[in-house]
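Trainee: Dropping the structure in here first, questions after.
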Amino acid sequence: APDRLLDGTIRHPAAASMVKDAAAIKGFAANEGVLSKQRRYPASRGKEVIACAMETWGFCSEQLYTVLADFAALASRRQLDRGVVPTRWMQKWLTQISMHVQLHVGRALLASLSSDSRREYVAGTA
């Protein structure tokens with residue numbers, strides 16, 4: 001079996017290159033992110049890249065769900081083997097991923113403001 005490498009990307013559905021198709025097709029930006037990674041990193045020399053993508057507004061690619069589901073099954077099986085009630089890994093990880101993405105999107109938006117605008121925003125006068 002090839003070595004598998006996980007590569008993730010975040011795509012914004014309102015980006016100029018995406019907005020037309022993303023408005024009509026659910027998950028278009030995430031799926032384009034996966035296709036872009038697959039074209040960039042074709043399997044070779046015993047290595048395969050598993051591309052995962054998420055949109056800034058929360059939609060996850062099929063590949064990301066599949067990877068998380070596989071990992072959740074392994075983690076739950078290990079907990080059962082140890083006599084522990086399994087955690088709802090899928091829900092936990094999707095929530096954590098979503099929270100971190102939104103946190104960093106917010107930080108990026110604040111960082112894009114001029115320092116005067118940022119001060120006004122933080123002070124609540126914007």
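The values are calculated or read from the model by the stated rules, or taken from the named source; none is laboratory data. Keep in mind that what you see is a predicted model, and the values were worked out from it rather than measured. Here the Cβ positions follow ideal geometry from the backbone for every residue, glycine too, while neighbour counts run over all protein chains shown. The accessibility values were calculated without ligands, DNA or RNA, using every heavy atom of the protein model including side chains. Shrake-Rupley method; radii C 1.70, N 1.55, O 1.52, S 1.80 Å.
Trainee: What whole-number value in Å² describes the accessible area per residue of the stretch 1-120 for a 1.4 Å probe?
Mentor: I get 69 Å² per residue for this part.
Trainee: From the mean inverse distance of alpha carbon pairs (Kirkwood) and the Cα radius of gyration, derive Rg over Rh for the chain.
Mentor: Ratio value, two decimals: 1.09.
Trainee: Sticking with this one: Quick check: at a probe of 1.4 Å, how many percent of the accessible area of the chain sits on carbon and sulfur atoms?
Mentor: 57
Trainee: Amide H of Arg11 versus every other amide H placed in the peptide plane: which residues, excluding those fewer than 5 positions away on the same chain, fall under 5 Å?
Mentor: Met54, Glu55, Thr56
Trainee: Roughly how many debye, to the nearest 20, is the charge dipole of the stretch 1-117 about its Cα centre, given +1 on each Lys and Arg Cβ, -1 on each Asp and Glu Cβ, and no other charges?
Mentor: Here the size comes out at about 280 debye.
Trainee: Suppose accessible area is computed on protein heavy atoms with a 1.4 Å probe; arrange Glu62, Glu55, Glu120 from highest to lowest.
Mentor: These residues rank, largest area first, as Glu62, Glu120, Glu55.
Trainee: Still on this model: Just how much of Ile25 is accessible, in Å², when a 1.4 Å probe is used and the result is rounded to the nearest 10?
Mentor: Roll a 1.4 Å probe over it and Ile25 shows about 80 Å².
Trainee: Now for a different question. Once the dipole of the chain is set up with Lys and Arg at +1 and Asp and Glu at -1 on Cβ about the Cα centre, which of Ser76, Phe59, Gly33 lies farthest towards its positive end?
Mentor: Ser76
Trainee: Report, to the nearest 10°, how far helix 28-40 tilts away from the longest principal axis of the Cα atoms in the chain, using its own Cα long axis and a range of 0 to 90°.
Mentor: That helix lies at roughly 60 degrees to the long axis.
Trainee: Next up: Can you return the lysines within cross-link range of Lys26? Criterion is Cα-Cα under 29 Å, with same-chain partners fewer than 8 residues away left out.
Mentor: Counting by Cα, and skipping residues close in sequence, Lys26 has these lysines nearby: Lys37, Lys92.
Trainee: Also, quick follow-up: Nearest 10 degrees, 0 to 90: what angle lies between the long axis of helix 89-112 and the longest principal axis of the chain (Cα atoms)?
Mentor: With rounding to tens, the tilt is 30 degrees.
Trainee: Right, next: Cα convex hull of the stretch 63-104: how many Å³ per residue?
Mentor: It comes to 59 Å³ per residue, whole-number rounded.
Trainee: What accessible area, in Å² to the nearest ten, does a 1.4 Å probe give for Asp7?
Mentor: Approximately 40 Å² of Asp7 is accessible to the 1.4 Å probe.
Trainee: Can you tell me what percent of all Cα-Cα pairs in the stretch 1-45 are more than 12 Å apart?
Mentor: 63
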